[in-house]
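Asks: Can you keep this structure in mind? I'll have questions shortly.
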Amino acid sequence: MSDGAMQLTAAAMRDQVVRGERTSRSFVDAAFAASDAADPGGGALNIFLGTDRARTRADADAVGAGGGGALAGVPVALKDNLATLHLPTTCGSRILEGYVSPFEATAVRRLREAGAVTVGKTNMDEFAMGSSTEFSAYGPTRNPLAATRVPGGSSGGSAAAVAAGIVPIALGSETGGSVRQPAAFCGVVGIKPTYGRVSRYGLVAYASSLDHVGVFGRTVDDAALGLQVIAGSDPRDATSIDVPVPDYRSAAGSSMAGVVVGRPREYFPESLDPRIRDACDATLDALRSAGAEVRDVSLPHTDLAIPAYYVIAPAEASSNLARFDGVRYGRRAPGDGLRGMYEATRSRGFGAEVLRRILLGTYVLSAGYYDAYYRKAMEVRRLIAGDFHAVFASGVDVLLTPTTPTPAFAIGAVSDPYEMYLSDIFTVTANLAGVPAMSVPVGTVDGLPIGAQVIAPHFGEHRMLGVAYAIERTRQTRDAT
Amino acid sequence: MTTYADRWELVVGLEVHVQLKTRTKIFCPCPTDFGAPPNANTCPVCLALPGALPVLNAHAVQLAVTAALALGCTVHRTSVFARKNYFYPDLPKGYQISQFDQPIATAGELAIGDDAEGTRRVIGITRAHMEEDAGKSVHDRFAERSAIDLNRAGTPLVEIVSEPDLRTPAEAREYCVRMKEILEYTEVSDANMEEGSLRVDANVSVRPIGATTLGTKTEIKNMNSFSGVERAIAVEYERQCRLIEEGGTVVQQTLLWDANKQEVRPARSKEGSHDYRYFPDPDLPPLVLDGAFVQASRDALPELPAARRARLQETFGLSAYDAGVLTASRALADYFEGVATAHGDGRLAANWVMGEVLAYLNNAGLAIAECSVTPQSLASLLGLVRDGTVSNSAAKRIFAVMIQDGGAAAEIAEREGLVQVRDDDALAAWVDEIWNAHPDETARLIAGEKKLLGVLVGAVMKRSGGRADPRRVNQLLAERSRR
Amino acid sequence: MAVSEDDVRHVAGLARVSLEPERVRMLATELNGILSHMEVLAAVDTSGIDLHARDDDDGMPLREDAGPQLPLARSRSAFAPESRDGFFLVPRLATHEDAAEGA
Ligand SMILES: [Mg+2]
Ligand SMILES: [Zn+2]
């Protein structure tokens, strides 16, 4: 970061490349320098699972000046569960060790076609099942801001790549908060768009009805630009929705006058760390003084979100991960006969948390339990979605909540599975309801970053970004004074 | 089975899997055609590569709706694809995408026994649902290894499930035949059991005559011909009756029909494979069909075999048997109607199509579509027979020539000298010749021995090489005898 | 409804996962721990909810019945654990076994 390249926004980088003031190659080399500085020997933070610097430099050299792509020459990082043609796609799992996809994810293709240059595939909890990036078969990723802490997860590698100043934009994925939570833990911006806004084609499935491709940015503008490029319907994803994509960056500088911001009481429980509550309330005050109206609201079914989520997500996962059987691709382990091969391949290929969720999901779908668990959880999911529908129908434009109940915790600190699940307590609701949500840095606790979450109605990304831009603005002015 | 028939009633329900005639697979654009090299017709979707997603083929939906409507089913506005979870190497995703508790259509019927001898019975159809086919496992190609070919994986299927309404193996066979006819008429499927585009599983149970509750059923798979279906059910009926009368009990299980040994054999039952953990596929929103689409599909249905049989009997005065033979396939019925309409006499057309035409096709092993004689040219040949230009026997010789070398009937008749002679001068010359050659026969004829007229007509015909018009010769000889 | 060790073995069989006996014991405890947090769902009144009722009324988008085939950037044998003559190979199955599972 010697030359300050990494202080530039993605848009500024792109403009310099297009104007021929700087080359993509110089930004890519700066990214590598930042990576080496943040991660000496590449082992300390363990951000990347796959890189090919020679190829990345060649890709950068291929981006000439004058090329008009929205991300022309901008270095980006990709979570390792997004299918890429040249780097392996392992999902942080042994079972896909060395697997190179013969096709490319739609979101990745759109980045490439916009001129972005991939610097590497980032570490993640195996198959995105985790909230700390400790459960990767290739070792944990550490938080660049505090190396004894987790970066959050499951998209911890992408969050860390942005926080370490390596790239201005990285793609992650969300099933229950895997972009917003690590964004909060690493002090960067993270967006989970509306379900159907970004194609899932090429995103290795964990829980299809909850999975989203998400974006990290060092600034709101970086994240908005990244979303701009990957958003839009896709004929290869039947769950993508054909709604026009507005100009997200035009939300910068939108007035907060008359904007109604809801403060859902269920997200500010007595037990909440007061410093996190105060940081969110200070943010609400700043929005109020910018002209917004703040309203206390209620989303009464919020406390049912984690139980419903941990029925639905493992159920879908148990089916989505059945394809990893050692027959067509991936690492096969020898066993006695077909059955033995299946069991050896899957038992050795999957880590403990993945196996736990596969068995949990198989159980809740199995004969006699389907109605009590899966069907019931799907019904409760409707109630949770109904909460959002009602509050937005009542005239509330966006909701503001803490992104996480705590700042980044220490590596190894959380051992009980369910306690780990609870770190998604404020984020899973948006996945269950499919509404867009994002995390914006709003301060620090014990020197660790914390984030505020802005939640909007379906396809309300533009409005959500307008509020996020405003939060970023008000913080800059406050930090300045 | 007669020995058991007076004590045990057979109860059969059939599950028919039909491969839909689409260009591409149900959830990906891979071709569905046969004979490609192993796994050549596969892609990220049907290989279940990580990150690939299914997208439903609109034409598969159209064909499923057409089949459902042809079977009198109610087509539902909303249907849902679910995942049927089980592990098998020819099932790439580890689940089959199949409609489960919300199928595309329910409550139809199929009539059997409304042909010549039968008494009409309506067999209920419980449901028709869409699903994807599995790949193929080849077990005998490599030592110690099974070989997996996924070219068939993702071929669109409609599964049609009947009520347990069938009561004899023959009924089950006829149900399959009628089903095949309908699927062919509507061009939904090739419906060929030998090629596997039509696959039938039978649920078989027996109960004491007069009982109303169902006995324990077994499911028979692996039958690859209509007669196989009939035989397998008959064999299983006997097995169950014998088992019960010997004090045993029928156990619910899957059986495989062995056509060579003519026996059913238990399939290796796989532990756990019965808990399929169905749930709605989150990759596929519900399939919604608007009423206009369903109505348009109904309006576009062709005339179905039963209706056509009735109309042919009505319009052309055919027997039920003839109508049945002539409607066995849509192409044959079209051929017959072409001939009958062009010629006018449906009975004569029927005799010729069922006689000369089918005989020729059977010997040559050809399909009706491959018949070199068009309905129009056959009709013109029949026209020559009707107006007496050629005799019936001459017409058969002409037809043979038309098959071999083509050409118009009239020209061939001329060229081969098969046109009947009806000009009196020519006939009179032959008559004189024969009259003079047979003095005592003519004398006895004149004396009133009428039976000799036939003898003399025969002699004239012989002299004319079969070309003389027998009716006119008869008249001329009769006049001569009265002089 | 507590998860027994037999339940764990049953679902492990369905999921084609082999478990050491002590893992079975551990997992039974873990799954019971997790599922105990889900009992709250049972108490929720969802009588008014019809999962079949949908708002997305035009349903799923459909594909035309046409190619081209989706390309593969590398050959199947490049990612297959074991293949020959274009086939994927697996340990030998009993010949009639495949007919037992029907489409
Ligand atoms: Mg089926
Ligand atoms: Zn395919």
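Asks: Given a Förster radius of 56 Å and the C-beta distance between C:ASP58 and B:ASN351 as r, what FRET efficiency does 1/(1 + (r/R0)^6) yield to the nearest 0.05?
Replies: Working: r = 56 Å, r/R0 = 0.99.
Efficiency, rounded to the nearest 0.05: 0.50.
Asks: Mind listing the long-range amide H neighbours of B:ARG145? Cut-off is under 5 Å, sequence gap 5 or more, other chains count too, H placed in the peptide plane at 1.01 Å from N.
Replies: Here C:ARG92 satisfy the definition.
Asks: If you don't mind, there's one more thing I want to ask. With r defined as the distance between the Cβ atoms of C:SER4 and C:SER47 and R0 fixed at 30 Å, what FRET efficiency is calculated, to the nearest 0.05?
Replies: Details: r = 31 Å, r/R0 = 1.02.
The pair C:SER4/C:SER47 has a calculated efficiency of 0.45.
Asks: Is there a quick way to get the dipole size of chain B? I mean about its Cα centre, with the Cβ of Lys and Arg at +1 and of Asp and Glu at -1; what is the value in debye to the nearest 20? Show your work: numbers first, answer last.
Replies: Working: 53 positive and 65 negative charges, 78 e Å.
Once rounded to the nearest 20, the dipole reads 380 debye.
Asks: How much length would be gained if the chain were fully extended between B:HIS274 and B:ALA410, taking 0.36 nm per residue of separation minus their Cα-Cα distance, in nm to one decimal?
Replies: Details: separation 136, 0.36 × 136 = 48.96 nm, distance 6.89 nm.
Full extension of this stretch gives 42.1 nm more.
Asks: Related question: Enter the mean number of other protein chain beta carbons within 10 Å of the beta carbon of each residue in B:91-98, as an integer. Before the final figure, lay out each step's value.
Replies: Values: counts 6, 6, 5, 12, 5, 3, 0, 1.
Average neighbour count from other chains, rounded to a whole number: 5.
Asks: To continue, here is another question. By average Cβ neighbour count within 10 Å, what is the ranking of A:255-264, B:428-437 from highest down? Intermediate values should be presented prior to the final figure.
Replies: On the way: A:255-264: 17.4, B:428-437: 15.9.
Order by mean packing, descending: A:255-264, B:428-437.
Asks: Quick one: Cα convex hull volume of segment B:151-240, Å³ per residue? All intermediate terms of the calculation are to be shown ahead of the outcome.
Replies: Details: hull volume 10.1 nm³, N = 90.
Here the figure is 112 Å³ per residue.
Asks: How big is the gap, in Å, between the Cα center of segment A:320-346 and the Cα center of segment B:336-368?
Replies: When both Cα centres are located, 59 Å separates them.
Asks: Classify segment A:1-120: rounded, prolate or oblate, from the alpha-carbon gyration tensor (a ≥ b ≥ c, eigenvalue square roots; a/c under 1.5 rounded; otherwise prolate if a/b is larger than b/c)?
Replies: Here segment A:1-120 falls in the oblate category.
Asks: How big is the antiparallel share of DSSP beta bridges in the protein assembly as shown, given as a percent to the nearest 5? Present the calculation step by step, with values, prior to reporting the outcome.
Replies: Numbers: 92 of 113 bridges.
About 80 percent, rounded to the nearest 5.
Asks: So, one more: Name the residue farthest towards the positive end of the dipole of segment C:1-96 from the options C:SER4, C:GLY86, C:ALA66, assuming +1 on Cβ of Lys and Arg, -1 on Cβ of Asp and Glu, about the Cα centre.
Replies: Checking the options against the dipole of segment C:1-96, the answer is C:GLY86.
Asks: What does the charge count around B:MET223 come to, taking other residues whose C-beta lies under 12 Å from its C-beta (Lys +1, Arg +1, Asp -1, Glu -1)?
Replies: Numbers: positive: B:ARG173, B:ARG199, B:LYS221, B:ARG231; negative: B:GLU15, B:GLU194, B:ASP201, B:GLU219, B:GLU230, B:GLU236, B:ASP258.
Net of charged neighbours comes to -3.
Asks: Next up: Per DSSP H run of at least 4 residues, take -39500 (n - 2.57); add these up for the protein assembly as shown, divide by its residues and hand me the 222 nm value, nearest 500 deg cm²/dmol. Each step should come with its number before you reach the end.
Replies: Numbers: 37 runs with 405 residues, N = 1067.
Here the helix-only value at 222 nm equals -11500 deg cm²/dmol.
Asks: While we're looking at this one, here's another question. Return the equivalent ellipsoid semi-axes of segment B:242-350 as a descending list in whole Å, where each equals the square root of 5 times an eigenvalue of the C-alpha gyration tensor. Spell out each step's value before the answer.
Replies: Numbers: eigenvalues 421, 179, 31 Å².
They are 46, 30, 12 Å, listed largest first.
Asks: How big is D for segment A:283-389, in µm² s⁻¹ as a whole number, if Stokes-Einstein is applied with the Kirkwood radius of its Cα pairs at 10 °C and 1.306 mPa s?
Replies: Working: Rh = 16.9 Å.
The estimated diffusion coefficient comes to 94 µm²/s.
Asks: Still on this structure: For B:THR74 and B:PHE34, what is the calculated FRET efficiency with R₀ set at 35 Å and r taken between the beta-carbons, to the nearest 0.05?
Replies: Details: r = 33 Å, r/R0 = 0.96.
So, using R0 = 35 Å, E works out to roughly 0.55.
Asks: A further question on this structure: Calculate the dipole size of the protein assembly as shown relative to its Cα centre from +1 charges on Lys and Arg beta carbons and -1 charges on Asp and Glu beta carbons; express the result in debye to the nearest 20. Mind showing how you got there, number by number?
Replies: Details: 108 positive and 134 negative charges, 255 e Å.
Around 1220 debye, computed over the protein assembly as shown.
Asks: By average Cβ neighbour count within 10 Å, what is the ranking of A:116-126, A:84-94 from highest down?
Replies: Numbers: A:116-126: 29.8, A:84-94: 23.3.
In decreasing order of mean packing, A:116-126, A:84-94 become A:116-126, A:84-94.
Asks: Which order do the peptides A:455-465, B:442-452 take when ranked by the mean count of other beta-carbon atoms within 10 Å per residue, highest first? Don't skip to the answer; put the middle values down first.
Replies: Details: A:455-465: 23.3, B:442-452: 13.4.
Ranking, from highest mean packing down: A:455-465, B:442-452.
Asks: When Cβ neighbours within 10 Å are restricted to other protein chains, what is their mean count per residue of peptide A:342-353? Each step should come with its number before you reach the end.
Replies: Values: counts 10, 7, 3, 3, 6, 8, 1, 0, 2, 0, 4, 0.
The shielding value for this peptide is 4.
Asks: Over 23 Å between Cα atoms, which of B:LYS25/B:LYS93; A:LYS192/A:LYS376; B:LYS180/B:LYS221; B:LYS84/B:LYS180 qualify?
Replies: Values: B:LYS25/B:LYS93 15 Å; A:LYS192/A:LYS376 26 Å; B:LYS180/B:LYS221 18 Å; B:LYS84/B:LYS180 27 Å.
Distance filter (> 23 Å) returns A:LYS192/A:LYS376; B:LYS84/B:LYS180.
Asks: Sticking with this one: Modelled label-to-label distance, B:THR315 and B:ALA211, 7 Å Cα→beta-carbon offset: nm?
Replies: Label at B:THR315, label at B:ALA211, 4.9 nm between them.
Asks: Let me confirm one metric for peptide B:73-85, namely the mean number of other chain beta-carbon atoms within 10 Å of its residues' beta-carbons.
Replies: Details: counts 0, 0, 0, 0, 2, 5, 1, 4, 2, 0, 5, 3, 8.
Partner Cβ neighbours, averaged per residue: 2.
Where a number appears in this text, it was derived from the coordinates with a stated rule and is not lab data. Since we're looking at a predicted model, the values are computed, not measured. Using ideal geometry, Cβ is built from the backbone for each residue, glycine included, and neighbour counts are taken over all protein chains shown.
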